[in-house]
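Report on the structure given below.
The numbers here are math on the coordinates, done by the rules we state, and not lab data. All values reported here derive from a predicted model rather than from experimental measurement. Counting neighbours? That spans all protein chains shown, and the Cβs are built from the backbone with ideal geometry, glycine included.
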Amino acid sequence: MRRAVTYQTEAASQGSLRVTVTATGTIEPTNLVEISSELSGTMEAVLVDFNDTVAAGQVLAALDTTQLEAQLAVQEASHAAANARLLSAEASLVEAESSFEIARQLDERGIASGTNLTSAQAALARAQANVAIGQADRNLAQAQLDAQKAELDKACICSPINGIVLQRNADEGQIVAASFSAPVLFTIAEDLSKMELQVDVGEADIGRIAVGDTASFSVDAYDDQSFPAMISLVRYASEIVDGLVTYKAILSIENEALLLRPGMTATADITVAEYSDALLVPNAALRFAPPQIVPEETEDEASGGGLLGLLMPSGFGDDGRVRSDRTVWVLREGVAVEVPVEKGDTDGRMTRIQSGDITVGDLVIVDMTKGK
């Protein structure tokens with residue numbers, strides 16, 4: 001005796017379809033700067049704290065400069081002495097030039113001997129050499145003075161950008177040792193009103209996303225709120241996350257209300273395709289297939305693994321149904337009819353039908369039950 005079959009159906013519909021790729025990542029500032037000290041010394045003053053807004057060039061902290069100022073005074077004195085020596089050499093040069101000119105004129109008149117002219121010429125050459133030495137000494141002293149001033153300027157730890165202090169790892173009286181690696185004293189985010197979401201996209205989905213795609217994301221802190229974003233960069237370099245190959249996508253986000261904070265975990269849905277007035281069927285309709293019809297006397301064999309079961313095509317499932325995602329079954333006048341279709345994108349629940357003998361309102365079968 002054949003059992004009564006009841007089909008569960010849903011009507012094919014026409015509507016919009018939004019296809020997304022889901023990815024997770026963290027929210028980060030667009031520009032993050034870590035500020036260190038090139039000098040070792042004692043922290044004399046710390047002028048900013050967490051969450052303070054700072055401007056480019058603003059002093060954040062300063063090292064004790066007693067020794068540096070003393071070294072600067074030494075270099076200034078050395079520069080002054082070198083300048084004085086140069087002035088003395090230039091005065092001697094003027095004197096030597098005058099003596100040489102007199103000796104030359106006397107030699108031309110035959111009044112003085114050639115020895116006097118030679119001595120005057122030698123004195124002039126020595127005076128010229130002393131001026132050159134004096135100029136070199138002054139240049140060297142100037143370079144050493146400039147270097148010492150630059151070293152003193154490094155004692156002032158300043159902000160290179162406008163931003164907000166996220167981290168402060170400096171306190172007054174702290175010893176800063178920059179001999180081997182420069183310690184990070186402050187971390188500054190340039191502008192928290194414009195941030196970026198860095199998400200990991202699987203290699204299976206990376207071909208579907210592109211710069212300019214829109215997205216929406218949510219964070220645990222505001223799980224009832226969705227935030228908009230847009231892809232600004234897709235990096236070519238791959239990364240390995242939990243053994244899977246992923247690619248980093250950067251999404252630009254607006255954060256005028258400062259609700260989003262650096263380090264928050266976010267889940268983003270990136271829109272990769274949108275359709276309007278599309279013919280849609282449930283995904284369950286593409287998975288459905290009726291059981292293979294077999295004679296009653298062989299029904300048990302087909303289901304239990306007898307000879308007929310061994311001869312069944314490999315496309316049959318455990319329940320004896322032929323699986324195919326290229327056809328849907330439509331209930332027409334109480335009869336299940338198989339309709340070949342060309343399927344398109346899916347949002348995970350509905351699939352767009354690109355072509356096939358199916359129209360809006362057709363009852364597609366999604367499941368069936370057998371009566372007892």
Problem - Most mobile listed residue (Asp137, Asp224, Asp107) in the chain, GNM with C-alpha springs under 10 Å - result: Asp107
Fill in the blank from the handout: With N residues in region 123-169, Rg(alpha-carbon) / (2.2 N^0.38 Å) equals 2.23
Handout entry: Taking Met195, Met350 and counting other C-beta atoms within 10 Å, the order from fewest to most
Key = Met350, Met195
Exercise for the section: Report the residues of region 165-188 in range of a label on Asp64: point 7 Å along Cα→C-beta, backbone N strictly under 14 Å from it. Expected result: 172-177
Exercise for the section: Using only the Cα atoms, work out Rg/Rh for region 164-214, with Rh taken as the Kirkwood radius, to two decimals. Expected result: 1.25
Exercise for the section: Quick one: give the max-minus-min coordinate of the C-alpha atoms of the chain along each principal axis, largest first, in Å. Expected result: 151, 53, 43
Fill in the blank from the handout: Rg/Rh over Cα atoms for region 1-48, Kirkwood Rh, comes to 1.59
Handout entry: Where GluC sites (Glu not before Pro) in DSSP loops with at most 15 other Cβ within 10 Å are excluded, longest remaining stretch of the chain
Key = 39-171
Completion exercise
Taking placed amide H atoms and a strict 5 Å upper bound, the residues 5 or more places from Asp362 or on another chain that come that close are Ala12
Handout entry: Computed [θ] at 222 nm, deg cm²/dmol, the chain (DSSP H ≥ 4; -39,500 (n - 2.57); rounded to nearest 500)
Key = -9500 deg cm²/dmol
Practice task
Could you state, as a whole-number percent, how many of the C-alpha pairs of region 6-111 are farther apart than 25 Å?
Solution key: 70
Practice task
Please determine, in degrees from 0 to 90 and to the nearest 10, the orientation of helix 114-154 with respect to the longest principal axis defined by the Cα atoms of the chain, where the helix direction is its Cα long axis.
Solution key: 40
Completion exercise
Taking N as the residue count of region 174-274, its alpha carbon Rg divided by 2.2 N^0.38 Å gives 1.34
Fill in the blank from the handout: For the pair Ala91 and Val184, the simple spin-label estimate (label points 7 Å beyond Cα toward Cβ) gives in nm 5.9
Problem - Debye log10 I(q)/I(0) for region 221-269, one point scatterer per Cα, at q = 0.19, 0.21, 0.27 Å⁻¹ - result: -0.80, -0.92, -1.17
Practice task
Choose one answer from Val234, Val341, Val199: the residue with the largest mean-square fluctuation in a GNM of the chain with alpha-carbon springs under 10 Å.
Solution key: Val341
Fill in the blank from the handout: Per the C-alpha gyration tensor (a ≥ b ≥ c, the square roots of its eigenvalues), region 90-242 is rounded if a/c is under 1.5, else prolate if a/b beats b/c, else oblate; here it's prolate
Problem - Stretch in the chain that is longest and holds no chymotrypsin sites (Phe, Trp or Tyr not before Pro) that DSSP places in a loop and that have at most 15 other beta carbons within 10 Å - result: 181-372
